[in-house]
1. Considering only the chain, what is the antiparallel percent among its DSSP beta bridges, to the nearest 5?
2. Starting from the Cα of Gln101, step 7 Å along the direction of its Cβ; do the same at Asp22; then give the gap between the two resulting points in nm.
3. Relative contact order of the stretch 7-188: what whole-number percent is it, with Cα pairs under 8 angstrom and at least 6 residues apart?
4. Subtract the Cα-Cα distance of Glu153 and Leu165 from 0.36 nm times their separation in residues, and report this length gain in nm to one decimal.
5. Rank Lys134, Lys25, Lys45 by mean-square fluctuation in a GNM of the chain with C-alpha springs under 10 angstrom and give only the top-ranked residue.
6. The stretch 102-189: which GluC sites (Glu not before Pro) are DSSP loop and have at most 14 other beta-carbon atoms within 10 angstrom?
7. Please check which bits of the stretch 146-181 a label hung off Asp77 would reach, taking the label as a point 7 Å along Cα-to-C-beta and the cut-off as backbone N under 19 Å.
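Every number in this text was worked out from the coordinates using simple rules, so none of it is lab data. Values in this document were obtained by computation on a predicted structure and should not be read as measured data. Note: ideal-geometry Cβ built from the backbone for every residue, glycine included; neighbour counts use all protein chains shown.
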Amino acid sequence: MKKFVATVVLSALPFAVTADMDEYKAEAGKITGAFFDELKGELVKAMTAGGPVAAIGVCHGLAPAIAMKHSQQSGWDVGRTSLKTRNPGNAPDAWETQVLQQFAQRRANGEGPDALVYSEVVEEGGDRYFRFMKGIVMPPLDKMPCLKCHGEEIDAETAERLDALYPEDQARGYKAGQVRGAFTLKKKL
Ligand code: HEC
């Protein structure tokens with residue numbers, strides 16, 4: 001199995017940066033966890049109260065707001081991205097596209113959902129950034145309601161609402177186990 005490990009990148013960096021990298025990775029993991037927990041909580045609450053049509057409002061309005069809140073609290077850029085976005089505002093940049101392709105490949109090679117993590121120090125426009133991504137794999141419908149809005153069978157009323165809000169929606173037709181996208185975090189060094 002082909003493995004992509006951050007140590008390849010780390011080995012080229014001075015010691016102080018490699019020591020910090022572990023801290024950054026741990027911090028990025030914590031921020032991602034808190035963001036996901038809050039999003040899932042709101043989503044499940046809204047699905048239980050009003051079904052998928054009502055819950056679209058959570059994803060539409062609340063998901064970006066929750067991302068913004070976690071960005072402000074942590075000082076990191078926090079968001080979600082995908083190779084097939086629903087909201088074109090979440091489209092990946094070149095680095096994110098490569099990592100998403102890497103995650104899809106790793107998944108195809110049998111890596112588990114929790115293993116899909118990648119981080120790297122990159123230089124952009126003369127500045128250095130720590131960048132981190134954690135893959136999001138579609139859970140089965142008996143675990144989470146994700147497929148109701150991203151799966152192959154979306155009920156007519158939900159589809160109509162999605163069409164109205166997201167005319168460029170590409171985020172449908174997923175199956176459980178596929179990489180849906182990733183959390184993406186960035187911090188200026
Ligand atoms: C009620 C419908 C609904 C459900 C259920 C739902 N989503 Fe979404 N999802 C959306 C909408 C609407 C957006 C667009 C949000 C925005 O405008 O930023 C979205 C966006 C996303 C994105 C960001 C990338 C993109 O395509 O814009 C990811 C990743 C994602 N969803 C994963 C999930 C996962 C994982 C679950 C289950 C935990 C889930 N979704 C459940 C409606 C839903």
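1. Details: 22 of 23 bridges.
Counting DSSP beta bridges with both partners in the chain, the antiparallel share is about 95 percent.
2. Once both label points are built, they end up 3.3 nm from each other.
3. Details: 238 pairs, mean separation 46.9, N = 182.
After rounding, I find 26 percent.
4. On the way: separation 12, 0.36 × 12 = 4.32 nm, distance 1.85 nm.
Full-extension gain reported as 2.5 nm.
5. For the chain, modelled as a Gaussian network with Cα springs under 10 Å, the answer is Lys45.
6. Taking the stretch 102-189 and a limit of 14 other Cβ atoms within 10 Å, the loop GluC sites (Glu not before Pro) found are Glu152, Glu153, Glu168.
7. 181
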